[in-house]
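Read the structure below first, then the notes.
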Ligand code: DC
């Protein structure tokens, strides 16, 4: 039986960095489900689809194939066969993904693929609804969060390092908006699963967070070397 770890939490909580590190330490496949919603969002942006136009989004879902692959252990996401991994990390795509991921047909399409991956492989999967909807039977569930101001500062730092012009106040506002939308949508809103372990990383180092999750995993399945 495949071993499944679910990591949910709001934007900027450090889920992907933490999940990647845990995957490397325990030989899991890391599945970034946000990248799948971002690839769909990129498709809608390219089509000029209005994120409020439910009919157009539903129709678009029939024309899109989002698939995953791995190159040297790094997840690659494909949109209708095109590798779009390098094009989905912008704020514009993130905002669009937050809006278009609220629709049932978008979620149904992507969760099917996520469930299939987890059925056949040991995975650590991060997202918003993994512990609650996609993998309710996951062996370990973590809800990883941090305060809005800490998440905004981390994002600000990342953008500065990339040389991008940005304002901390603007980033804080965008994070609050995304939190609200992700937590209040009708389909699979972001919330902590009842049996998820709550981790607030505001005052923790990356290593401390990774170790806390490794402890949970090893406790569940017995230490792996
Ligand atoms: O984790 P991220 O920032 O890459 O996610 C982008 C958007 O996709 C996020 O605002 C909400 C959506 N998302 C989702 O609805 N469910 C998931 N499992 C993952 C992401």
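Values for this structure:
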| item | result |
| --- | --- |
| Answer residue from the range 184-199, given it is outside any loop (DSSP other than H, G, I, E, B) and closer than 25 Å to residue 212 by Cα and is nearest to the ligand (Cβ to nearest atom) among those | 199 |
| Residue 106 more than 19 Å from residue 15 (Cβ to Cβ) and crowded, with 22+ Cβ neighbours inside 10 Å | yes |
| Matching option when the condition is assigned to a helix (DSSP H, G or I), within 18 Å of residue 120 (Cβ to Cβ) and touching a strand residue (DSSP E or B) at 6+ places or on another chain (Cβ under 9 Å), among 23, 19 | 23 |
| The range 184-204, residues that are modelled with pLDDT of 95 or more and out of contact with any helix residue (DSSP H, G or I) (no Cβ under 7 Å at 6 or more places or on another chain) | 184, 192, 194, 195, 198, 200, 203, 204 |
| Qualifying residue in the range 45-55 (condition: in contact (Cβ under 8 Å) with a residue 24 or more places away in the chain, over 20 Å from residue 178 (Cα atoms) and more than 12 Å from the ligand (Cβ to nearest atom)) | no |
| Flag if residue 34 is within 10 Å of the ligand (Cβ to nearest atom), within 14 Å of the chain's Cα centre (by Cα), surrounded by 18 or more Cβ atoms within 10 Å (Cβ to Cβ) and closer than 27 Å to residue 218 by Cβ | yes |
| Unique match (being surrounded by 12 or more Cβ atoms within 10 Å (Cβ to Cβ) and under 24 Å from residue 10 (Cβ atoms)) among 49, 67, 100 | 100 |
| Selected residue (only one of 221, 225, 181 is within 18 Å of the chain's Cα centre (by Cα), modelled with pLDDT under 95 and either over 24 Å from residue 36 (Cα atoms) or surrounded by 12 or more Cβ atoms within 10 Å (Cβ to Cβ) (or both)) | 181 |
| Strands (runs of 3 or more DSSP E) contained entirely in the range 65-160, each with at least 1 residues that are in contact (Cβ under 8 Å) with a residue 60 or more places away in the chain | 123-127, 140-145 |
| Condition met for residue 107 (over 25 Å from residue 21 (Cβ atoms) and within 13 Å of the ligand (Cβ to nearest atom)) | yes |
| Filtered residues of the range 1-17 (kept if within 16 Å of the ligand (Cβ to nearest atom), surrounded by fewer than 24 Cβ atoms within 10 Å (Cβ to Cβ) and either more than 11 Å from the chain's Cα centre (by Cα) or on the phi < 0 side of the Ramachandran plot (or both)) | 10, 11, 16, 17 |
| Selection status of residue 165, more than 14 Å from the ligand (Cβ to nearest atom), under 21 Å from residue 90 (Cβ atoms) and part of a loop (DSSP other than H, G, I, E, B) | yes |
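The values are calculated or read from the model by the stated rules, or taken from the named source; none is laboratory data. The shown structure was predicted, so the numbers you read here are calculated from the model rather than taken from an experiment. Quick reminder, even Gly has a Cβ in these numbers, built from the backbone with ideal geometry, and neighbours come from all protein chains shown.
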